[in-house]
Amino acid sequence: INGNAKAATTIASMSQIAGQSYPNTSDLTNPPAHAMPSLPYDLTDWTNAGFSLASGAAFTTCTAAKTWLTNPANLPSTPTVGVDYDYVVRIQPSTACTLSFGSSDTIYLPGNVAILTDCGISMSGHPVFQSVGGNHALYLVAVSGTTCSTGKAITTSNLSEFKNTVAPNRLDVFIYSPGTVSIGNQTAMNGQIYGTPVLATNQTTLNYIPVFVPGLTTVVGFRQNVQYLREVPP
């Protein structure tokens, strides 16, 4: 900071401030807060956007959902021309479970795939999600309005890979949970993350890309403008 700085509490490193430092300033107000948007499950929103329900019904166990996702007959590494691979993988477990991916798991995405679960999702040990045959989107969602005794946390760690962040086949990722989202130890990722809270730990790179979510407001982008103009004498 080249000028002065005020803080409502302490200032950890005044050496980073070229001007005057004012810790414990009482007249500062909190920045504006935005309510966490709700993301409930409505299959019609997804089918209207061209998605099909994987296996024709919701999965009642995380194991069954993972088996479907890792089966190359459903999501092949070499897609068939003219075949639609946009799927909703809905998990409504009869017994609470976390959908887990590990080092032996490679999920090919020949289309857009939405994993929507009542519970949580966990990744460790270098799982790979690979877009093939074009640019696609991966949705990792713990849906709103449901309960799960094991919680709704979504966690990526140990070099979880979302390929490819560069041409020709880009994969955009949308992560949402009304619980905690923890991101760390992974390659760069394109997309958006919503959580309460979102924890970004070591080696985390997120390239902001607006991802369309069926049923929510259409993405309109953002605008850049001058926020502060300072005049100085010649």
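The values are calculated or read from the model by the stated rules, or taken from the named source; none is laboratory data. Note that this is a predicted model, so its numbers are computed, not measured. Cβ coordinates were reconstructed from backbone atoms using ideal geometry, including for glycine residues, and neighbour counts include every protein chain displayed. What goes into the accessible areas is simple: the full protein's heavy atoms, side chains included, and nothing from ligands, DNA or RNA. Shrake-Rupley method; radii C 1.70, N 1.55, O 1.52, S 1.80 Å.
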> Which of the residues that make up segment 27-46 are under 21 Å from the mean Cα position of the chain (by Cα) and either under 13 Å from residue 213 (Cα atoms) or of a type outside the set (Gly, Ala, Ser) (or both)?
Replying inline: 34, 36, 37, 38, 39, 40, 41, 42, 43, 45, 46
> Looking at 117, 106, 95, which is the one that is over 25 Å from residue 170 (Cβ atoms), in contact with a Ser or Thr (Cβ under 9 Å, 6 or more places away or on another chain) and of a type in the set (Ser, Thr, Tyr)?
Replying inline: 95
>> Given the criteria touching a Pro at 6+ places or on another chain (Cβ under 8 Å), open to solvent by less than 40 Å² (accessible area, probe 1.4 Å) and not hydrophobic (A, V, I, L, M, F, W, C), does residue 177 qualify?
In response: no
> Looking at segment 108-118, is at least one residue more than 25 Å from residue 84 (Cα to Cα) and not in a strand (DSSP E or B)?
Replying inline: yes
>> If residue 101 meets every condition in (1) more than 23 Å from residue 201 (Cα to Cα); (2) touching a residue at least 40 places away in the same chain (Cβ under 8 Å); (3) crowded, with 21+ Cβ neighbours inside 10 Å apart from one, which number is that one?
In response: (1)
> If you go through segment 3-26 one residue at a time, do you hit one that is more than 22 Å from the chain's Cα centre (by Cα) and under 30 Å from residue 146 (Cβ atoms)?
Replying inline: no
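Residue-by-condition table, conditions (1) closer than 30 Å to residue 65 by Cα; (2) assigned to a strand (DSSP E or B); (3) among the aliphatic types (A, V, I, L, M):
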residue	(1), (2), (3)
1	no, no, yes
10	no, no, no
15	no, no, no
18	no, no, yes
27	no, no, no
31	no, no, no
35	no, no, yes
40	yes, no, no
46	yes, no, no
